[in-house]
Amino acid sequence: MKLTPDQLERVAAQFRQLAEPTRLAILQELKNGPRSVSRIVGALGTSQANISRHLRQLHEAGLLERRREGTQVIYSIGDPTIFELCRLVCDRLNRSIAKPAEIHF
């Protein structure tokens, strides 16, 4: 089945979300369970404004869910199939690496 131009744009938009290392780091951080914004900021060592911007983008793309607990916002993975895609990419990179160190998401 051939995708329409609109469908192709939607697919490309999803891939653009994964084309930023900070967003990948956020996904990796959330792989082990829901986290507050402050906990993500602490783990990644970047500014809250930067993390919040990336969290918003991932949420708008449907990759993350969020809920409010008092004054905190808690983020979690909205679509766990994202990790299958990351695994496929890592597997491909590992096959093409000449060095013995492997990449894992």
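The values are calculated or read from the model by the stated rules, or taken from the named source; none is laboratory data. Keep in mind that this is a model prediction, so the values were computed, not measured. Cβ atoms come from the backbone with ideal geometry, glycine included; neighbour counts cover every protein chain shown.
Restricting attention to region 39-58, and to residues there that are touching a strand residue (DSSP E or B) at 6+ places or on another chain (Cβ under 8 Å) and of a type outside the set (Val, Ile, Thr), which single residue is surrounded by the fewest Cβ atoms within 10 Å (Cβ to Cβ)? Explain how you work it out, then say what you get.
Here is the first cut: in region 39-58, the residues touching a strand residue (DSSP E or B) at 6+ places or on another chain (Cβ under 8 Å) are 40, 43, 55, 58.
In the following step, the residues that additionally are of a type outside the set (Val, Ile, Thr) were identified as 43, 55, 58.
Values: Ala43: 15, Leu55: 23, Leu58: 24.
Checking each candidate, the answer is Ala43.
From the set of residues in region 62-105 that are of a type in the set (Gly, Ala, Ser) and loosely packed, with under 11 Cβ neighbours inside 10 Å, which is farthest from Pro34 (Cα to Cα)?
So the first thing to find is which residues in region 62-105 are of a type in the set (Gly, Ala, Ser), and the list is 62, 70, 76, 78, 96, 98, 101.
Subset that is loosely packed, with under 11 Cβ neighbours inside 10 Å: 70, 96, 98, 101.
Values: Gly70: 15, Ser96: 33, Ala98: 36, Ala101: 29 Å.
Going through the qualifying residues, I end up with Ala98.
Taking the stated definitions as given, is Ile40 of a type outside the set (D, E, K, R) and farther than 16 Å from Phe105 by Cα? Steps first, please.
Working: of a type outside the set (D, E, K, R): yes; farther than 16 Å from Phe105 by Cα: yes.
In short, yes.
If a residue has to be surrounded by fewer than 16 Cβ atoms within 10 Å (Cβ to Cβ) and farther than 24 Å from Cys90 by Cα to count, how many in region 21-38 make the cut?
2
Inspect region 1-9 for any residue being at pLDDT 95 or above and of a type in the set (S, T, N, Q) and give the result as yes or no.
Looking for residues that are at pLDDT 95 or above and of a type in the set (S, T, N, Q), one finds at least one in region 1-9, hence yes.
With the condition being free of Cβ contacts under 8 Å to residues at least 12 places away in the same chain, I'd like the helices (runs of 4 or more DSSP H) fully within region 18-105 carrying at least 2 qualifying residues. It would help to see each step written out before you state the result.
Working: elements: 21-30, 37-44, 48-60, 82-96.
Of the helices (runs of 4 or more DSSP H) lying wholly inside region 18-105, those with at least 2 residues that are free of Cβ contacts under 8 Å to residues at least 12 places away in the same chain span 37-44, 48-60, 82-96.
Would you check which residues across region 50-101 are farther than 19 Å from Phe15 by Cα and touching a Phe, Trp or Tyr at 6+ places or on another chain (Cβ under 8 Å) and list them?
If the condition is that a residue be farther than 19 Å from Phe15 by Cα and touching a Phe, Trp or Tyr at 6+ places or on another chain (Cβ under 8 Å), then Arg66 is the only one that fits.
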